[in-house]
Structure formats: structure tokens, C-alpha cells
Amino acid sequence: MSRLTAITDQNANPAAAELFSAIKSKVGMVPNLYRVTANQPAVLKALLTLGENLGQGSLDAPTREAIALTVAGVNGCDYCASAHSAISKSLKIDEAEIESHLKGRSSDARLSAILAFASAVTQKRGLVSDSDLQAAREGGLDEGVIVEVIGQVVANIFTNYLNHVADTEIDFPRVSAA
């Protein structure tokens, strides 16, 4: 049972109901994370807008999902591990690679550099070392990608922390972040 209310379709205020309608049109359902966030529709709108804007960057969907899994792994967020594993599967990412992403690793060298940097940013709360930045650069990340990875990390930290506070009920096939 969630420690914060998951807003239902029936008790959603007009602003939340409008956002739920947009979410349903894109994904066919309203995940519980968004139902909890809808306690403050302005925050739900900001979260959705941030995701949409980050989706217009240079990182493709599989890379964004890999970052989400890495951040979930570092932060121990089972809800996000479950949700992003399901999304990754829908993108045809194999199970072994999904498990690697949860640990901040990939069989692809560039993606491995991205995930190592995302993991460092998350673990060190942004206080990365010069060697972390150098490793990212040596892995092929330019400054635009470095900034974009930080944006992805921050968006996922928000959802991880909200799920920790709320103890959001997992509505995807359960995956442990550990």
C-alpha cells in the first residue's frame, strides 16, 4: 500500500484528469508513479514535460532506458527497476543486457561509458572527479552528451526518490534493483 495517495481517475481534479488522458493516449494506462505524482498536477506536468524535452536530445530511447535502469540500480528503486525493465523489453533489449544496465554496465563500449558516468553522477551526488569526466570523454562523450546524461540522471533521481517516499505500488512485472 502506497504511503502517498495514488490518485484514481474518479478522484482526479480537472488538471490531473487532463494529464491522465494524455498519458493514457501515449502508453495505454496511467502508471502508479504518475498517479502518486498527480497529488500535485503541476509537478506531474513538469515531470512529463521534462521527459518529453529530454526525449528530443541526442540519446535514443534504449540509451535513456539504460540510464534509468542504472540510476534505479544505484538508488535501489524497485519501482523504476520494474518499470524501465518492462520498457526496455518492449524496445527489444535482451534480459542479460537489462540486468547489466541495472549494474551500470553494457556490452556496448559507448553505452558503458554513458552508464559509468551516470552511475558516478548518481553515487557522488554530482560531485564527480576530474577522472570521471576524463573517462566519459575517453568513452566518446562530448560535453553536450555529458550534460544530457546529467539531465537524464536528475529526472530519474526524482522518480526514484518519490517512489521511495511514497512506497509506490509496483504495477509492472516486479524486478529488484538490487
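Table: residues versus (1) surrounded by 12 or more Cβ atoms within 10 Å (Cβ to Cβ); (2) in the same structural domain as A83 (by TED's automatic domain parsing); (3) within 20 Å of I157 (Cα to Cα); (4) of a type in the set (K, R).
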residue	(1), (2), (3), (4)
M1	no, no, no, no
T8	yes, no, no, no
A22	yes, no, no, no
S25	no, no, no, no
P31	yes, no, yes, no
R35	yes, no, yes, yes
N39	yes, no, yes, no
Identify, by number, the condition in (1) touching a helix residue (DSSP H, G or I) at 6+ places or on another chain (Cβ under 8 Å); (2) under 18 Å from F158 (Cα atoms); (3) surrounded by 13 or more Cβ atoms within 10 Å (Cβ to Cβ) that G55 doesn't meet. (3)
Condition first: in contact with a helix residue (DSSP H, G or I) (Cβ under 9 Å, 6 or more places away or on another chain), surrounded by fewer than 16 Cβ atoms within 10 Å (Cβ to Cβ) and of a type in the set (D, E, K, R). Now tell me which residues in region 126-163 satisfy that. R137, E138, E143
Please specify each residue of region 71-110 satisfying the condition of being farther than 16 Å from N156 by Cβ and in a helix (DSSP H, G or I). K89, S90, E95, A96, E97, E99, S100, A109, R110
Scan E148, E169, E143 and give me the residue that is in contact (Cβ under 8 Å) with a residue 12 or more places away in the chain, of a type outside the set (A, V, I, L, M, F, W, C) and farther than 28 Å from R3 by Cα. E148
The conditions are (1) farther than 21 Å from M29 by Cβ; (2) surrounded by 15 or more Cβ atoms within 10 Å (Cβ to Cβ); (3) touching a Lys or Arg at 6+ places or on another chain (Cβ under 8 Å); (4) of a type in the set (A, V, I, L, M), and A166 fails exactly one of them. Which is it? (1)
Pick from region 111-146, criterion in contact with a Ser or Thr (Cβ under 8 Å, 6 or more places away or on another chain) and among the polar types (S, T, N, Q), ranking: nearest to T159 (Cα to Cα): T122
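Criterion first (polar (S, T, N, Q), without any contact (Cβ under 8 Å) to a residue 40 or more places away in the chain and loosely packed, with under 14 Cβ neighbours inside 10 Å) does S176 satisfy it? First the steps, then the outcome.
Values: polar (S, T, N, Q): yes; without any contact (Cβ under 8 Å) to a residue 40 or more places away in the chain: no; loosely packed, with under 14 Cβ neighbours inside 10 Å: yes.
In short, no.
The values are calculated or read from the model by the stated rules, or taken from the named source; none is laboratory data. In this text, all values refer to a predicted model and were calculated from it rather than measured experimentally. Counting neighbours? That spans all protein chains shown, and the Cβs are built from the backbone with ideal geometry, glycine included.
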